[in-house]
1. Name every residue in the stretch B:180-194 that is small (Gly, Ala, Ser) and either under 20 Å from the mean Cα position of the chain (by Cα) or at the interface with another protein chain (Cβ under 8 Å from one of its Cβ atoms) (or both), in order of residue number.
2. What residue, among those in the stretch B:238-257 that are part of a helix (DSSP H, G or I) and of a type outside the set (A, V, I, L, M, F, W, C), is surrounded by the fewest Cβ atoms within 10 Å (Cβ to Cβ)?
3. Of the numbered conditions (1) hydroxyl-bearing (Ser, Thr, Tyr); (2) in a loop (DSSP other than H, G, I, E, B); (3) within 14 Å of chain B (Cβ to nearest Cβ), A:Ser44 satisfies every one except a single condition; which is it?
4. Of the numbered conditions (1) away from chain A (no Cβ under 14 Å); (2) surrounded by 21 or more Cβ atoms within 10 Å (Cβ to Cβ); (3) under 17 Å from the mean Cα position of the chain (by Cα), B:Pro225 fails exactly one; give the number of that condition.
5. Tell me, yes or no, whether the stretch B:195-205 has at least one residue that is more than 14 Å from every other protein chain (Cβ to nearest Cβ), of a type in the set (A, V, I, L, M) and surrounded by fewer than 21 Cβ atoms within 10 Å (Cβ to Cβ).
6. Do we have B:Glu98 as more than 14 Å from chain A (Cβ to nearest Cβ), surrounded by fewer than 17 Cβ atoms within 10 Å (Cβ to Cβ) and not polar (S, T, N, Q) here?
7. State whether one or more residues within the stretch A:276-293 are open to solvent by 10 Å² or more (accessible area, probe 1.4 Å), over 23 Å from B:Pro263 (Cα atoms) and among the aliphatic types (A, V, I, L, M).
8. Do you know which residues across the stretch B:149-179 are open to solvent by 10 Å² or more (accessible area, probe 1.4 Å), within 11 Å of chain A (Cβ to nearest Cβ) and of a type outside the set (Lys, Arg)?
Amino acid sequence: MEASAELINTEQRYPFSPLFALDTLWLQVAGTLCNLRCTHCFISCSPTNHSHEMMSLEDVRRYLDEARQMGVKEYYFTGGEPFMNKDLFAMIELALKQGPVSILTNGLLITSKTAARLKSLSDASDYSLELRVSLDGYDAETHDAVRGLGTFEKTLKGVLNLAAAGLNPVITAVEVNDDLGARQGREKFLACLKSIGLTKPRLKILPTLRLGAEINRTRAYESWESLRGRELTKDESLALQCSSCRIATSNGVYVCPLLIDSPQARLGETLQDSLRPFELKHQACFTCHATGFSCRT
Amino acid sequence: MPDLNGRTIEAGAFKSVGFIGGIYSNYLALGKALELLKGRVDTVVALGDFGAFGPHPDRTLEILREREIAAIRGNYEEALAAGADDCRCGYTNPRDNEFAQLSYDYTKAKTSREHVEWMGSLPAHIRLSIAGKRILLCHGSPRRVNEFLWESATPEPFIKKMLDDHETDLIVCTHTGLHWSRFIAPGRGVVNVGALGRPANDGTPRVWTAVIEEKEGAPAVRFLPVEYDFERLAREMESEKLPPEFIETIRTGWWTTCLEMLPAKERAAGKF
């Protein structure tokens, strides 16, 4: 009896992901507020989702100060839609003083004037400013099906505004259809980006996550999709983004961008509070481990 | 001492040291760089990635070993010595990885066993000093052999932390193929010595080496361009049937592959 009880305990244990170094600090600057309501959004962002509010400039300044003391290597701004935050430009300027910055956006609010402002912020810094624009397919049909009617054209306009200002965005596509990750789909996508005028197209493909709105679009995680009972080698741990990142939101610090809806993933109020190992209990942890995927560019 | 994950050699004090970054089998540029450094520095150290990209990997290894150049191992040497199936370069883009695989398979097939054994004997790091400052030599970064340290993505607070973590004043590395330096105080910072193996994505076929020597009481870096017979290298790559994309880079100085790791500023500087 004792032996079998022990066996059950072993099976129910989850591996821990230690934080080897805090290299990447994500900032949920737009909270869960967005001008779109995408059907695959892993945190169900929308114009009315106030689970996480916009961060204030003071919130961001506090985390940046702490991050500088800790030797953070890079910053990512996300949401929601970061360009809905009225203080975004001040935040970018502040962050670019102490490291490279990436902004994840749907591109809808990037006018030519906004693009020009971003270019001058980029030129004023020694560090890279990356714009990552979500385009979930190389045609309006695929993209608009998840992001809303007419958004393909609007996003392309934002992308072209960036290109015209001399910024070369990384196009990020979620693999909403199976062919995107394959070589042919990828090449077709790159050809499409070239045809609209991006001379040096950059493309990152992400897997879907069975979280948030995506559960209704496709399905939730199944019970076998979990790291329960698994042990990770050091290399496997290092491959997980949570071994080197945290995300600050208006509600405190969480382990990674995927899990800000999960109370168990909230690690504290400050970055210093959040350095302990994280138990990989969430089913999204399975996706990161199985696909080798990272939200980083 | 911090855990550096691999053997470290203590080499003592020097006035000036020449550095050879990724050679990628460009034995012609290696010969020229060693000529250029001869009589100019106390010693020369090669920072790993001797193979890849170019032709006839044994020719590079023969030069390094005949002239007894001090060397640490890069990800290429680690991968070959371990008999790994890929180069562990650390690329994340599928097209980059396809080209990296072509390079690795060619290099693995053409590197003699005896040289591979020598690679396995190389240290991961060397520590030395110049002008009283502690200098740590590594391939990618002190903590990871295949970490990319790019100029526009290696900020000062991060450098300060790396120097503190590894109890050093200066870190000297390669792996990215682009040379740059950032000092947070005199003699304290990071120097990436760039590469001899392929041009610096600047539209010229020249490649780069670096010298670190005492200047006003602290170690300072000078990057030296190396002109060599790139046309001969390109022809040899053609007869070895290496990818035309690689040969184009050797002739034009613009990177055509393994571009997706580049941060925005470095990507903007190139043609592709």
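1. Let us first name the residues in the stretch B:180-194 that are small (Gly, Ala, Ser), namely B:181, B:185, B:187, B:189, B:194.
Selection gives B:Ser181, B:Gly189, B:Gly194.
2. As a first pass, look at the stretch B:238-257 and keep what is part of a helix (DSSP H, G or I): B:238-239, B:244-252.
Imposing the further condition that a residue be of a type outside the set (A, V, I, L, M, F, W, C) reduces the set to B:238-239, B:244-245, B:248-249, B:251-252.
On the way: B:Glu238: 12, B:Ser239: 8, B:Pro244: 11, B:Glu245: 14, B:Glu248: 16, B:Thr249: 25, B:Arg251: 14, B:Thr252: 16.
Top of the filtered list is B:Ser239.
3. (3)
4. So the condition that B:Pro225 fails would be (2).
5. Kept after step one, since they are more than 14 Å from every other protein chain (Cβ to nearest Cβ), are these residues of the stretch B:195-205: B:195-200, B:202-205.
After this cut, where a residue has to be of a type in the set (A, V, I, L, M) as well, the list is B:195-196, B:200.
Add one more test, that the residue is surrounded by fewer than 21 Cβ atoms within 10 Å (Cβ to Cβ), and what stays is none.
Taking every residue of the stretch B:195-205 in turn, none turns out to be more than 14 Å from every other protein chain (Cβ to nearest Cβ), of a type in the set (A, V, I, L, M) and surrounded by fewer than 21 Cβ atoms within 10 Å (Cβ to Cβ).
6. Working: more than 14 Å from chain A (Cβ to nearest Cβ): no; surrounded by fewer than 17 Cβ atoms within 10 Å (Cβ to Cβ): yes; not polar (S, T, N, Q): yes.
When the stated conditions are applied, B:Glu98 does not pass them.
7. Yes: the stretch A:276-293 contains one or more residues that are open to solvent by 10 Å² or more (accessible area, probe 1.4 Å), over 23 Å from B:Pro263 (Cα atoms) and among the aliphatic types (A, V, I, L, M).
8. Of the stretch B:149-179, the ones open to solvent by 10 Å² or more (accessible area, probe 1.4 Å) are B:150-151, B:153, B:156-157, B:160-161, B:164-167, B:169, B:175, B:178-179.
Among the residues that remain, those that are also within 11 Å of chain A (Cβ to nearest Cβ) are: B:150-151, B:153, B:156-157, B:160-161, B:164-165.
Within the stretch B:149-179, B:Trp150, B:Glu151, B:Ala153, B:Glu156, B:Pro157, B:Asp164, B:Asp165 meet the criteria.
The values are calculated or read from the model by the stated rules, or taken from the named source; none is laboratory data. All values reported here derive from a predicted model rather than from experimental measurement. Neighbour counts are summed over all protein chains in view; Cβ atoms, including those assigned to glycine, are modelled from backbone coordinates with ideal geometry. All accessible areas refer to the heavy atoms of the entire protein, side chains included, with ligands and DNA or RNA removed. Shrake-Rupley method; radii C 1.70, N 1.55, O 1.52, S 1.80 Å.
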